[in-house]
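Engineer: Supplied in structure tokens, the structure appears directly below.
The values are calculated or read from the model by the stated rules, or taken from the named source; none is laboratory data. Small disclaimer: the values here were computed from a predicted structure and weren't measured. Heads up, the Cβs are rebuilt from the backbone with ideal geometry, glycines too, and the neighbour counts pull from every protein chain shown.
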Amino acid sequence: MKQGIMQRRGFMLALGASGLLAGCGGIIPQAPPSNLYTLSPKNTFADNLPKVDWQLVVEEPYAAGGLDTHRIPIMTNPYEVKYYAEARWAERAPRMVQTLLIESFENTGKIVAVGRQSVGLRSDFNLKSELREFQAELAEGDPLPSVRVSLASKLIGQPRQEIVAARIVEHRVKAKSTEVLAVVQAFDEALGRVLRETVQWTLRVGSRLE
């Protein structure tokens, strides 16, 4: 008898606790869902790009902690990184840039094979890079942010792991409004210019070393 009473009490306490947790759903603050954004690879290149017979591994770019994230950064001064609320990249920024570089190389139709290290590609060259700038910047007194993208690349000859060429490509594009979508479009244009120049430079340098 006593055991039955204790079981019923335990059941009632469990019901009360579950009801309390359910009721707290409206009290505990929930993070708003993020809008996910992605950028596009490049499809148009110079007509005189050389066709090469070698294979390329594109490594994931290194990026400092403030840029190695899904969040979209904006700087209102040189010392502080903030992020757009309720907006994120679909992938971490360095991973996204790596993906777009690979797709852009493929879109040239000028290279035998290109991919990540994880696909087991036996490369003739590796492209190592550092994503040094990948943020919106809002200057004092300017109502519209500018997007700044800078990629420092090194072409590494295999199998001796020699640096055979290096280049830094940087572009800035002003957003057409303060809306997040307009800022993302400025990212797409600025990164697009960087991708195009980096891909063309890699193919031309590699063709001379082939």
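Engineer: So which residues in region 103-128 are in contact with a Lys or Arg (Cβ under 7 Å, 6 or more places away or on another chain) and under 25 Å from ASN48 (Cβ atoms)?
Structural biologist: Those that are in contact with a Lys or Arg (Cβ under 7 Å, 6 or more places away or on another chain) and under 25 Å from ASN48 (Cβ atoms): SER104, ASN107, LYS110.
Engineer: Next question. Name the residues in region 119-142 that are farther than 27 Å from LEU56 by Cβ and at pLDDT below 95, would you?
Structural biologist: Matches in region 119-142: ALA139, GLU140, GLY141, ASP142.
Engineer: Given the condition out of contact with any strand residue (DSSP E or B) (no Cβ under 9 Å at 6 or more places or on another chain) and either assigned to a strand (DSSP E or B) or in contact (Cβ under 8 Å) with a residue 12 or more places away in the chain (or both), answer yes or no: does some residue in region 133-149 qualify?
Structural biologist: Yes, some residue in region 133-149 is out of contact with any strand residue (DSSP E or B) (no Cβ under 9 Å at 6 or more places or on another chain) and either assigned to a strand (DSSP E or B) or in contact (Cβ under 8 Å) with a residue 12 or more places away in the chain (or both).
Engineer: Of these, THR178, THR198, which one is part of a loop (DSSP other than H, G, I, E, B) and modelled with pLDDT of 95 or more?
Structural biologist: Step by step, each of THR178, THR198 is checked, and only THR178 is part of a loop (DSSP other than H, G, I, E, B) and modelled with pLDDT of 95 or more.
Engineer: Just one of the numbered conditions (1) of a type in the set (Gly, Ala, Ser); (2) buried (at least 21 other Cβ atoms within 10 Å of the Cβ); (3) not in a helix (DSSP H, G or I) is not true of GLY192; which one?
Structural biologist: (3)
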